[in-house]
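Bear in mind that the values in this text are calculations on the coordinates, not laboratory data. All of these numbers come straight from a predicted model, not from anything done at the bench. FYI the Cβ positions are ideal-geometry reconstructions off the backbone, even for glycines, and counts take in every protein chain you see.
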Amino acid sequence: MAFSIGIDLGGTTLAGVLVDEELNILAEEKIPVDREKRVEKVIGDMELLIRNFKKKGKGDCLGVGLALPGLLDWERGGIVFSENLNWRNVPVIPLLKEKLSLPFFMEHDVRSGAVAEVYFGAARPFQDVLYVSVGTGIAGSLIWKRNIIRGAHEASAELGHIVVEPNGPLCRCGNIGCLEALASGSAMERDAFHLSGKHVKGEEIFERAQEGVSPYQEVVKRASGFLGLGLFNLVQIFDPEVIILGGGVAEAGEWWLEMIREGYENRFFWTPIIPPLLLGQFRGRASVMGAAGLPILQKRGEYSQSIY
Ligand SMILES: [Zn+2]
């Protein structure tokens with residue numbers, strides 16, 4: 001018997017899972033990230049999570065997989081730059097290894113979600129996969145024949161910042177009309193606030209929209225329309241076999257997918273080949289599950305990666 005540990009370091013939440021060799025969850029924990037994002041405190045919290053899971057696990061520990069945000073330092077095992085954490089040059093794995101002698105693996109957080117779906121989830125039957133994560137922001141990852149396409153500067157598939165409405169709202173990146181500024185969870189919350197004058201959380205917007213309540217239905221419809229347009233544009237560039245949608249917003253399920261399809265499938269009037277849109281199996285948990293999957297894939301010899 002063996003187990004693996006996955007940790008996803010987000011801007012606000014530190015999520016961890018303990019899984020068996022088939023990636024079944026044995027234990028799960030979430031704690032808020034230190035408000036000031038102090039390196040020592042955050043690394044200490046990660047250490048604590050790992051120790052707790054290690055105590056609970058039975059058999060051999062295959063290792064710890066980390067899903068990290070921003071631009072990664074593959075040489076040392078850490079973060080070169082993360083906007084969400086406001087971290088620069090933090091050697092995350094060497095800091096953890098001072099306290100824990102375990103094999104460590106890492107992957108960029110969104111790509112980690114893609115790894116989860118491709119090797120363990122909804123994308124398993126497919127070869128060329130475009131994975132799109134929709135949550136507070138929008139990001140993506142391309143996995144072609146089981147290889148992650150990273151790009152020359154590790155910045156491939158930054159889908160959130162393709163421009164779909166040149167006269168649209170300001171994006172947090174400084175540009176105007178990015179997909180993220182129109183179709184993400186935070187974009188819907190912003191639009192709902194402008195139209196209703198009330199701060200309503202994403203899940204509630206979806207609930208009310210499904211009941212046909214105005215202006216929530218219009219808000220979701222507009223955002224989904226832009227997402228459909230963005231996905232259509234991406235298909236013209238990449239020609240994927242399938243598009244898998246994950247992230248927190250994907251928790252909304254099939255109903256949301258139907259809304260996106262309206263703005264997606266109708267644009268393919270000249271070709272019968274329409275890559276299907278599917279919901280990911282892991283949704284909001286994809287990054288942490290992919291992280292937990294890294295030591296398992298290493299053992300199976302299915303995925304080449306650095307061991308720290
Ligand atoms: Zn942007």
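As a test of the definition: which semi-axes, in Å, follow for the chain when you take the square root of five times each eigenvalue of its alpha carbon gyration tensor? Largest first, please. Walk me through the numbers on the way to the answer.
On the way: eigenvalues 214, 94, 66 Å².
Equivalent ellipsoid of the chain: 33, 22, 18 Å, largest first.
In nm, what is the difference between 0.36 nm times the number of residues separating Glu241 and Arg146 and their Cα-Cα distance?
Working: separation 95, 0.36 × 95 = 34.20 nm, distance 1.26 nm.
The Glu241-Arg146 span can extend by a further 32.9 nm.
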Once both axes come from the Cα atoms, what is the angle between helix 216-238 and the longest principal axis of the chain, in degrees from 0 to 90, rounded to 10?
70
Give a residue-ordered list of calculated ³J(HN,Hα) values for the range 167-177 (Karplus: 6.51 cos²θ - 1.76 cosθ + 1.60, θ = phi - 60°; whole Hz; x for Gly, Pro).
9, x, x, 6, 9, 5, 7, x, 8, 10, x
All-pairs Cα distance distribution in the range 122-280, expressed in whole percent, bin size 5 Å
2, 9, 19, 22, 20, 15, 8, 4, 1, 0
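When the dipole is taken about the Cα centre of the range 1-141, and only Lys, Arg (+1) and Asp, Glu (-1) are charged at their Cβ, what size is it in debye, to the nearest 20?
Numbers: 16 positive and 20 negative charges, 84 e Å.
Its charge dipole is roughly 400 debye.
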Could I have the simple spin-label model distance between Glu218 and Val39, label points 7 Å from Cα toward Cβ, reported in nm to one decimal?
4.9
Given a Förster distance of 35 Å, the FRET efficiency implied by the Cβ-Cβ spacing of Asn167 and Glu302, rounded to the nearest 0.05, works out to 0.15
Whole-Hz couplings from phi, Karplus 6.51/-1.76/1.60, listed for the range 271-276; x for Gly and Pro
9, x, 8, 10, x, x
Can you list the lysines whose alpha carbon is less than 27 Å from that of Lys37, not counting same-chain residues fewer than 8 positions off?
Lys54, Lys55, Lys97, Lys99, Lys201
Simple spin-label model, 7 Å along Cα-to-Cβ: Asn86 to Ile273 in nm?
4.8
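Between Ser101 and Glu251, what's the calculated FRET efficiency when r is the beta-carbon distance and R0 is 45 Å? Round to 0.05. Before the final figure, lay out each step's value.
On the way: r = 37 Å, r/R0 = 0.82.
Efficiency, rounded to the nearest 0.05: 0.75.
As a test of the formula, what do you get for the chain when each DSSP H run with n ≥ 4 contributes -39,500 (n - 2.57) and the sum is divided by the residue count, at 222 nm and rounded to the nearest 500 deg cm²/dmol? Before the final figure, lay out the partial values.
Working: 9 runs with 112 residues, N = 308.
My calculation for the chain gives -11500 deg cm²/dmol from helical runs alone.
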Bridge orientation stat for the range 122-280 from DSSP, antiparallel percent rounded to 5, came to 60
What distance in nm separates the two pseudo spin-label positions at Glu154 and Thr12, each 7 Å out from Cα along the beta-carbon direction?
2.6
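Return the percentage of antiparallel bridges among DSSP beta bridges fully within the chain, rounded to the nearest 5 %. Working shown, then result.
Details: 32 of 51 bridges.
Here the antiparallel bridges make up roughly 65 percent for the chain.
Tell me the volume per residue, in Å³, of the convex hull enclosing the alpha carbons of the range 217-308. Don't skip to the end; give the middle numbers.
Values: hull volume 11.7 nm³, N = 92.
Per residue, the Cα convex hull of the range 217-308 comes to 127 Å³.
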